[in-house]
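All remarks here apply to the structure that follows.
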Amino acid sequence: MRVDCRVGLSSRFLAFPRKMAVMISLALLLIGFSVVSALLLTVTHFRTANYSEQPVARNMGLSLVAALAGLQIAHWGWLYLDRTWIDTGLYRMLLFTVAPAFWAFSQPLLKAQTFVGSNSRTIIHALPIAIAPWLGRDLALPLAFVIGAGYLLALARDVHHLRMQRDEYAQEIVLLGTIFVIAVGVALLGVLQTHLPDKLFFILYAMAIGLAFLLVQMALGLRPQLSVEVAETAKASYQNSTLTRVDCPAMLERLAGLMDGERIYENSDLSLAGLAERLGLSSHQLSELVNVHLGKNFSRYLREVRVAAAGRMLCAEPSASVLSVGLSVGFSAQSNFYEAFREIEGMTPGQYRKLRRKGDIRS
């Protein structure tokens with residue numbers, strides 16, 4: 001039986017031209033990567049405190065990665081086992097889930113508001129998912145991608161509101177923009193899929209999902225706190241100015257005094273609300289002050305202050321352990337310290353200390 005299975009599997013692959021076999025192998029590799037990435041995002045990214053104030057974003061994000069992982073499993077069954085899971089009602093429901101889940105996930109982050117629609121509005125978003133099992137493949141695929149294109153346009157409009165922050169998020173915007181391009185390409189392929197050779201659309205679709213997961217992982221690697229920072233930036237972008245009666249230069253001087261003089265950043269529990277109270281501002285006012293006048297959100301600003309202090313301490317106290325330095329400047333854990341230091345300085349604290357000793361980094 002084992003020999004027969006191998007022969008059968010080999011014959012299926014040999015039946016394809018060489019280029020198609022290579023594409024199938026790459027698609028299968030990206031399918032595996034997608035499923036593993038979905039699991040990692042579920043147990044790490046979406047379970048962090050980043051989403052404690054955004055439960056809708058967390059739930060929609062989990063729904064999104066679950067739907068994409070389910071689609072990839074169906075693609076694996078079709079490309080590797082010749083199982084027609086792509087023709088099931090569940091596959092079509094997952095297909096129609098991706099776009100609205102992605103859109104609902106983005107709303108609390110990009111528009112600083114929770115997606116809570118009326119009953120009629122919720123029904124509109126859920127209706128295509130509900131009727132999907134009764135649609136044939138030739139209708140379901142193009143319809144799903146046409147609807148998805150509509151959601152993409154809405155997302156592009158929302159992202160446009162954050163255009164003033166494009167310098168701060170330059171690398172991440174390139175990566176996430178590439179995901180948008182991939183999504184548009186897949187939408188066009190979905191409309192034209194009936195004219196493509198057998199299995200080619202699903203090969204390309206599986207590869208596109210895998211590449212999207214790869215780009216998301218790269219974006220989070222560059223900016224682990226990306227979701228928090230985008231949400232803070234969105235709040236400052238959408239709200240009306242709260243600084244009309246605030247002496248901003250004087251307030252910035254007081255902020256610098258608290259950081260440089262009192263070294264308030266050393267308190268690991270320091271929060272936007274707590275610092276705003278010390279300054280006699282509201283949280284919204286402090287958030288806008290930092291965003292508008294310092295060109296970054298509060299989370300980024302606080303990490304930069306702590307990393308700068310850590311850099312000075314690493315050089316001034318060569319016998320101090322890296323962990324003690326990180327804890328001294330306000331980081332609550334070694335992993336958070338390393339993550340922030342690598343993000344801002346492009347290297348680990350240990351590497352930074354060695355290079356400073358050699359004189360390769362100037363103050």
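Listing for the model above:
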| item | result |
| --- | --- |
| Matching helices (runs of 4 or more DSSP H) fully within region 48-133 where at least 1 residues are basic (Lys, Arg) and modelled with pLDDT under 90 | 55-80, 119-131 |
| The listed residue being of a type in the set (D, E, K, R), surrounded by fewer than 14 Cβ atoms within 10 Å (Cβ to Cβ), modelled with pLDDT of 80 or more and more than 30 Å from Leu62 (Cβ to Cβ), out of Glu266, Glu277 | Glu277 |
| Count - residues of region 205-225 that are open to solvent by 50 Å² or more (accessible area, probe 1.4 Å) and at pLDDT 85 or above | 2 |
| Wholly enclosed helices (runs of 4 or more DSSP H) of region 246-339 bearing at least 2 residues over 27 Å from Arg356 (Cβ atoms) | 248-256, 272-279, 283-294 |
| Flag if Glu345 is at pLDDT 85 or above, touching a Phe, Trp or Tyr at 6+ places or on another chain (Cβ under 7 Å) and either open to solvent by 30 Å² or more (accessible area, probe 1.4 Å) or of a type in the set (Asp, Glu) (or both) | yes |
| One residue from Phe33, Phe16 being modelled with pLDDT of 70 or more, within 20 Å of Leu79 (Cα to Cα), surrounded by 13 or more Cβ atoms within 10 Å (Cβ to Cβ) and in contact with a helix residue (DSSP H, G or I) (Cβ under 9 Å, 6 or more places away or on another chain) | Phe33 |
| Residues being open to solvent by less than 70 Å² (accessible area, probe 1.4 Å) and modelled with pLDDT of 90 or more - total across region 253-263 | 5 |
| Odd one out for Ser282, checked against (1) open to solvent by less than 60 Å² (accessible area, probe 1.4 Å); (2) among the hydroxyl-bearing types (Ser, Thr, Tyr); (3) within 26 Å of the chain's Cα centre (by Cα) | (3) |
| Qualifying residue in region 301-315 (condition: surrounded by 13 or more Cβ atoms within 10 Å (Cβ to Cβ) and over 32 Å from the mean Cα position of the chain (by Cα)) | yes |
| Selection count, region 63-82, where residues are open to solvent by 20 Å² or more (accessible area, probe 1.4 Å) and in contact with a Gly (Cβ under 9 Å, 6 or more places away or on another chain) | 1 |
| Which listed residue, of Ala156, Ala170, is under 16 Å from the mean Cα position of the chain (by Cα), at pLDDT below 70 and surrounded by fewer than 14 Cβ atoms within 10 Å (Cβ to Cβ) | Ala170 |
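The values are calculated or read from the model by the stated rules, or taken from the named source; none is laboratory data. Note that the coordinates shown come from a computational prediction; the quantities given were computed from them, not determined experimentally. Because the Cβ atoms are built from the backbone with ideal geometry, glycine has one as well, and the counts that use them run over all protein chains shown. Side chains included, ligands, DNA and RNA excluded: accessible areas come from the protein's heavy atoms. Shrake-Rupley method; radii C 1.70, N 1.55, O 1.52, S 1.80 Å.
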